[in-house]
1. Check each residue of the range A:47-86 and keep those whose accessible area, probe 1.4 Å, is at least 30 Å² smaller with all protein chains in place than in the chain alone; give them in order of residue number.
2. For the range A:113-118, take each phi angle, set θ = phi - 60°, evaluate the Karplus expression 6.51 cos²θ - 1.76 cosθ + 1.60, and give the result in whole Hz per residue in order, putting x for glycine and proline.
3. Magnitude of the Cβ-charge dipole of the range B:1-86, K/R +1 and D/E -1, about the Cα centre, nearest 20 debye?
4. On the protein heavy atoms, probe 1.4 angstrom, tell me the percent of accessible surface of chain A carried by carbon and sulfur.
5. How large is ³J(HN,Hα), in whole Hz, for each residue of the range A:201-214 in order, when computed from phi with the Karplus curve 6.51 cos²θ - 1.76 cosθ + 1.60 and θ = phi - 60°, using x for Gly and Pro?
6. With +1 on each Lys and Arg Cβ and -1 on each Asp and Glu Cβ, how big is the dipole of the range B:85-159 about its Cα centre, in debye rounded to the nearest 20?
7. Going by average Cβ density within 10 Å per residue, which order do the peptides A:145-153, B:53-61, A:223-231 take, highest to lowest?
8. Order A:210-217, A:175-182, A:60-67 from most to least packed using the mean count of other Cβ atoms within 10 Å.
Amino acid sequence: MKASAFDYARVESLEEVFALFAEYGDEARIIAGGQTLVPAMAMRVAAPALLIDISRLEALQGIARNGDRLRIGAFTRYVELQHSPLVAEAAPLLHRAIPLIAHEAIRSRGTFGGSLANADPASEMPACALALEAVMVIANAEGERRVAAADFFQGLYQTALEPGDVLVAVEIPVAQDGMQGVIEELVRRQGDYAMVGLAATGKAANGMLSGPRFVFFGVGDRPVLATKAAEALADGPISPEHIAEAQAALAQDFTPLGDIHCSPATKAHLARVLLGRVVSRLLEHR
Amino acid sequence: MDPTFPITLTVNGTEMVREVPVRQTLADFLRQTLGLTATHVGCEHGVCGACTVRIDGRIARACLTFAIQCDGAAIETLEGMAESGKIADLQQAFHRRNALQCGFCTSGMLVTAAQLLEENPRPSREEIREIISGNYCRCTGYHAIVDAVEETAEARAKSEPEGAR
Ligand SMILES: Cc1cc2nc3c(=O)[nH]c(=O)nc-3n(C[C@H](O)[C@H](O)[C@H](O)COP(=O)(O)OP(=O)(O)OC[C@H]3O[C@@H](n4cnc5c(N)ncnc54)[C@H](O)[C@@H]3O)c2cc1C
Ligand code: FES
Ligand code: FES
């Protein structure tokens, strides 16, 4: 369980990263918090020739609000997100999601950008990014581009990041009045990856939900936006019948992929359970 | 030959400069280079928590951080915490409540519980279970560990009047 040999560079500017990528190509790998990459290296699933340590790269740090957007640097550790009053106010969903990730000793090192770049389909952060309609700010030697979360997650550990790209920051629309964010997941033990999880946003008033976004994780090869379920809740105050319709509509939104813990049928059932819980929480503002 | 790099760091309050092989984990650096063997190595991939230390004040996995990433950091291990005497009560409570059997998980448990008690002096049993969820114990069944942490919190609260901490 020891990593194979590699070289190491700690960079202070994006230009340095681009130069190293130009030299090493796909033999170079960015290391952020290392909470996914280091275990992969210990198990020799990953064996990069060069690690590019971005922990001192200022362009990737910080949480700031610019008007109606919250900008979170890719190298923001979970622990910083969790304790940021700005995040709690402008993106309550993220604030609530952090405690569900792994354990305290991993949240002290792991980063927001690392989780998004890794794109584990059972991870909380990619689902939250999609629910919040986040935009990824990506840079490479040619310049900067923006990719919406809906286009960023492309499959199992697959994202819009190309070789030589750096995820610089994430921009999230600031939650407008009354916009809630709720996350629920079913795990065997605290800190495990979700068997099935649901990150949701929506505004509740007079027993109705406006603009809800339900994003399931742990059900497929990437986070899945359940639009049919949301449509089933669209008109009128939400009754138990509405919720049952929305739960049934999930079958049109996705067929879960099974894994070693759960069959597709079990996951479909768990997804319906979570939808019921999350809709109630959104309506009750908790 | 592995490339090596010099790093400057503080371990248990002592500043030092050391030449480290790039692929050496912080856990191996502490154990093999510095001889600080209270930091245990179990799974070496972040799952068991035996290697828990504090990096710049926060608990972290020493097996998931390369020593070279700790250039400029302040590391605290169980040795430093135990020698300072500041967790003597917690250590005694572990002993009294049979919160250890083989002891393999104990250093990680103590380092983790110490941070909890600093940040949240009166944790609920739920909160204690939450924070030690990242530390495996194959012997005790956890109950006695929760008891020991809870007892320490209660004793500290009694010995210090409200607001003194
Ligand atoms: C025991 C354990 C339990 C865990 N449980 C959970 C869990 O329940 N839920 C969960 O979501 N995660 C979990 N994780 C994973 C954890 O969240 C990781 O921290 C996270 O997935 C990766 O973030 P990182 O900063 O550590 O990234 P790293 O490990 O440093 O990097 C991950 C990948 O992203 C790339 N990368 C990182 N930053 C950038 C960037 N800015 N631009 C381009 N590429 C980049 C790296 O090259 C690498 O390929 C767990 C990990 C462990 C060890
Ligand atoms: S040895 Fe580090 S978590 Fe198991
Ligand atoms: S006392 Fe043996 S593993 Fe915890």
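1. The answer is A:Arg56 - residues whose exposure falls by at least 30 Å² when every protein chain is included.
2. Couplings: x, x, 5, 5, 5, 6 Hz.
3. On the way: 7 positive and 10 negative charges, 44 e Å.
Charge dipole, the range B:1-86, about its Cα centre: 220 debye, nearest 20.
4. Numbers: 6080 of 11920 Å².
Answer for chain A is 51 percent, counting heavy atoms of protein chains only.
5. 10, x, 10, 9, 7, 6, x, 10, 10, 10, x, x, 10, 10
6. Working: 9 positive and 10 negative charges, 45 e Å.
Roughly 220 debye for the range B:85-159.
7. Final packing ranking: B:53-61, A:223-231, A:145-153.
8. Numbers: A:210-217: 22.0, A:175-182: 16.5, A:60-67: 14.4.
Answer by packing, highest mean first, reads A:210-217, A:175-182, A:60-67.
The values are calculated or read from the model by the stated rules, or taken from the named source; none is laboratory data. Computed from a predicted model, the values in this text were never measured in an experiment. Note that each Cβ is placed from the backbone with ideal geometry, even for glycine, and that neighbours are counted across all protein chains shown. The accessibility values were calculated without ligands, DNA or RNA, using every heavy atom of the protein model including side chains. Shrake-Rupley method; radii C 1.70, N 1.55, O 1.52, S 1.80 Å.
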